[in-house]
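Asks: Sharing a structure with you now.
The values are calculated or read from the model by the stated rules, or taken from the named source; none is laboratory data. Everything numeric here is computed off the predicted structure, so don't read it as measured data. FYI the Cβ positions are ideal-geometry reconstructions off the backbone, even for glycines, and counts take in every protein chain you see.
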Amino acid sequence: MKDNCLDIGIIQAFLDGELSHDETSRVTAHVALCDKCALMLADAEEESAIVFPALEREFNTLVPTQRLWSKINDSIQLEKENRPVWQKAWAFLRFSLTSPSMVAAASLLLVFGVFGGLLLNKSRNSVDNTPPMAARQAAPVTPTAVTPASTLNVDEREVPVEAPEVSNNHSPVIERAIFRPEVKRTQRAAPAESAPAAAAYMPGEESYIKTIATLKRSVDEQKESVLRPSERVAFERNMAVVNDTIEKMRVEVKRNPKNEAAKQILYSSYQNKIDLLNSVSQKEELVASLQ
Amino acid sequence: MKKLIENLMIVGAASVFLATGLLAQPTGRLAPDIDGAGAPSPPSPMRPSMFPRSGVFTRDTTERSIKVDPAINLEFSCVVEGNIRVNGWRRNEVRVFVAGGSKFAFRTAQENIKGDAPVWVKVVGINSDRRIGPDSECLSGGSIEVDVPVGASIRIRGREISTAVDTVKKVDITSIGGDISLRNISAGISANAGRGDITVEAGKGSMMLTTTEGNIVVFEGSPSDYGDIFKANTHSGTISLQSLEYRQVNVGSISGSVSYSGPILSGGSYNLRTSKGSIRMSVPAKSGFRFWATYGYGSFACDLPHEIITENFVGPLKALAGKAGSGEATLKVTADNGSIAIRKQ
């Protein structure tokens with residue numbers, strides 16, 4: 001991650017809340033892993049903390065800034081690009097109808113189009129004596145074309161497409177039948193899968209995981225609004241540390257279930273994770289109570 | 001030309017829309033200093049958009065005092081911002097001085113048994129010029145100075161506050177941002193700084209110190225009663241403890257080092273833990289304890305004469321169990337990704 005460090009523009013946009021959700025997540029994840037960028041972010045935030053109060057009055061004056069101008073222009077451009085096709089077509093048509101030469105050309109095109117269409121239709125009717133494709137498919141099929149289903153694996157088995165029987169007087173055209181693969185009808189074995197998963201947990205581990213999952217859901221919704229950028233970076237960094245420890249200890253315990261030290265660290269790490277997630281919820285509650 | 005006029009119209013409409021929105025939105029900015037008596041408040045480190053402020057606070061300078069019971073419980077249930085200094089004095093009186101902030105009042109929640117002095121007083125802000133919603137009871141000030149009896153218990157809940165408390169009985173502080181500095185607290189501390197450092201000097205009684213993003217430094221701490229415990233936790237920060245005389249110490253950091261310098265008391269239980277960082281202890285040479293040291297990607301060193309009872313080196317994790325001296329205390333040190341060192345004082 002350190003190869004593609006963030007530039008100061010992106011960091012400033014991140015602080016100003018101008019990045020999209022995905023970009024914000026990307027920056028947060030990067031800063032959590034890159035000390036250089038974390039330092040740069042901290043510096044930028046410190047500068048902002050000094051500059052913002054000093055310039056608060058200027059920020060609140062009602063003068064459209066360059067950024068506002070560019071945003072407005074971008075919006076107009078975007079709106080133009082996103083205009084529906086029929087609107088564009090209508091605009092073109094409206095423009096075209098103002099010129100008499102264009103009207104004449106359009107009329108000619110229309111007339112040619114109508115004649116052309118009529119001619120094509122007539123010629124198709126005369127040629128259309130051959131049997132339809134469905135009838136051709138219904139013709140007798142050589143049995144060798146079908147591989148016996150019993151010799152195939154279940155997944156490879158093919159089922160012939162049933163075609164409607166159409167009688168015609170023309171000589172039969174022998175063609176290989178069209179096959180399509182059978183749709184796999186494997187049922188989701190959710191209960192069967194969850195049973196071994198539950199069995200894979202150590203005693204007490206499942207409750208930790210469930211608690212963490214519940215907390216994580218609520219925290220994921222809150223953290224964007226509750227935590228400052230630098231706090232979010234610290235939070236993600238700590239979460240990465242804890243997750244890393246959990247991952248290592250899980251592997252260790254799986255390898256050696258009698259390793260009590262690894263088990264203890266694993267449980268402590270789960271507790272740390274819960275504490276981390278709880279800290280966000282508690283902060284949110286505190287913020288709400290101090291209104 | 002037509003296009004230009006159209007663009008100009010859009011821009012004009014957008015400007016008007018924006019201007020209307022800004023005017024309609026409550027800014028939450030502090031009103032200008034009208035009387036000029038209040039000291040100008042320092043620039044808030046909080047960015048304006050992050051936490052919408054409760055309302056519009058005027059900048060006044062107010063001082064009030066009230067006669068109270070010596071064991072007063074003084075509560076600041078909502079302080080939006082400011083530097084709070086609380087000092088204990090030998091008078092049965094509470095004095096609060098707010099410079100460059102909102103007006104406030106004392107609200108008596110309970111009186112003593114004799115009924116002649118309050119034992120529980122709340123300090124509430126008066127913000128009658130709040131434009132939206134009910135009147136806020138939050139206090140705001142550039143500088144808030146409080147004098148209380150030395151036997152007072154202080155409870156503060158605040159947003160962006162820097163707090164210093166000196167010579168009182170008990171303290172319970174929770175803040176979202178800002179440092180907490182405590183000195184000469186005689187019967188217990190509970191401090192929770194969301195984003196800030198916690199410093200305690202010469203504190204007694206149970207201590208529960210928690211910070212999400214900050215360091216914890218404690219110098220001279222001891223129990224005021226049997227069984228008082230010491231607990232310190234930070235998510236991102238270093239914990240440094242010196243001269244603690246607790247028999248139950250529980251310390252943890254997720255990404256930060258832990259440093260302990262002090263005695264290992266007989267019968268004590270010491271649990272020091274960090275996920276990413278090292279643990280360094282400096283203990284008297286004659287200390288006696290049984291220890292369990294677990295560490296990964298680091299090393300273990302103990303200067304004291306000791307014997308290793310069990311060793312378990314499996315994978316990246318190393319676990320040691322041993323004994324130093326008489327072994328009357330238990331010491332559990334865990335550094336998931338770091339080293340452990342126990343040095344002689």
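Asks: Can you tell me which residue in segment B:293-329 is surrounded by the fewest Cβ atoms within 10 Å (Cβ to Cβ), limited to those that are among the charged types (D, E, K, R) and either within 13 Å of chain A (Cβ to nearest Cβ) or more than 37 Å from the chain's Cα centre (by Cα) (or both)?
Replies: The extreme case among them is B:GLU307.
Asks: I've got another one for you. If I filter segment A:223-233 for residues that are more than 10 Å from chain B (Cβ to nearest Cβ) and under 30 Å from B:PHE313 (Cβ atoms), do I get at least one hit?
Replies: No.
Asks: Further question on the same structure: Restricting the search to segment B:49-79, which residues are under 30 Å from A:VAL226 (Cα atoms), aliphatic (A, V, I, L, M) and at pLDDT 90 or above?
Replies: B:LEU74, B:VAL79
Asks: Among the residues of segment B:142-188, what is the count of those that are touching an Asp or Glu at 6+ places or on another chain (Cβ under 8 Å) and either over 17 Å from B:GLY221 (Cβ atoms) or crowded, with 20+ Cβ neighbours inside 10 Å (or both)?
Replies: Counting residues in segment B:142-188 that are touching an Asp or Glu at 6+ places or on another chain (Cβ under 8 Å) and either over 17 Å from B:GLY221 (Cβ atoms) or crowded, with 20+ Cβ neighbours inside 10 Å (or both) gives 20.
Asks: Additional query: If you scan segment A:275-291, which residues turn out to be of a type in the set (Gly, Ala, Ser), within 19 Å of B:VAL80 (Cβ to Cβ) and facing chain B (nearest Cβ under 10 Å)?
Replies: Residue satisfying the conditions is A:SER289 alone.
Asks: While we're looking at this one, here's another question. I need the full set of residues from segment A:260-275 which are surrounded by 21 or more Cβ atoms within 10 Å (Cβ to Cβ) and in contact (Cβ under 8 Å) with a residue 60 or more places away in the chain, in order please.
Replies: A:LEU266, A:TYR270, A:LYS273
Asks: Okay, moving on. What tally of residues in segment B:97-114 results from selecting those that are among the basic types (Lys, Arg) and either crowded, with 16+ Cβ neighbours inside 10 Å or at positive phi (or both)?
Replies: Here the count works out to 1.
Asks: For residues that are touching a Leu at 6+ places or on another chain (Cβ under 8 Å) and either closer than 14 Å to A:THR24 by Cβ or hydrophobic (A, V, I, L, M, F, W, C) (or both), tally how many sit in segment A:212-227.
Replies: Result for segment A:212-227: 3.
Asks: Next question, about the same structure. Do any residues in segment B:77-90 that are within 14 Å of another protein chain (Cβ to nearest Cβ) have Cβ atoms under 8 Å from those of residues that are basic (Lys, Arg) and not in a strand (DSSP E or B), where the two are at least six apart or on different chains, and which pairs are they?
Replies: Pairs found: B:VAL80/B:ARG53.
Asks: For segment A:145-259, which fully contained helices (runs of 4 or more DSSP H) count at least 1 residues that are within 30 Å of the chain's Cα centre (by Cα), surrounded by 12 or more Cβ atoms within 10 Å (Cβ to Cβ) and at pLDDT below 85?
Replies: A:205-226, A:229-255
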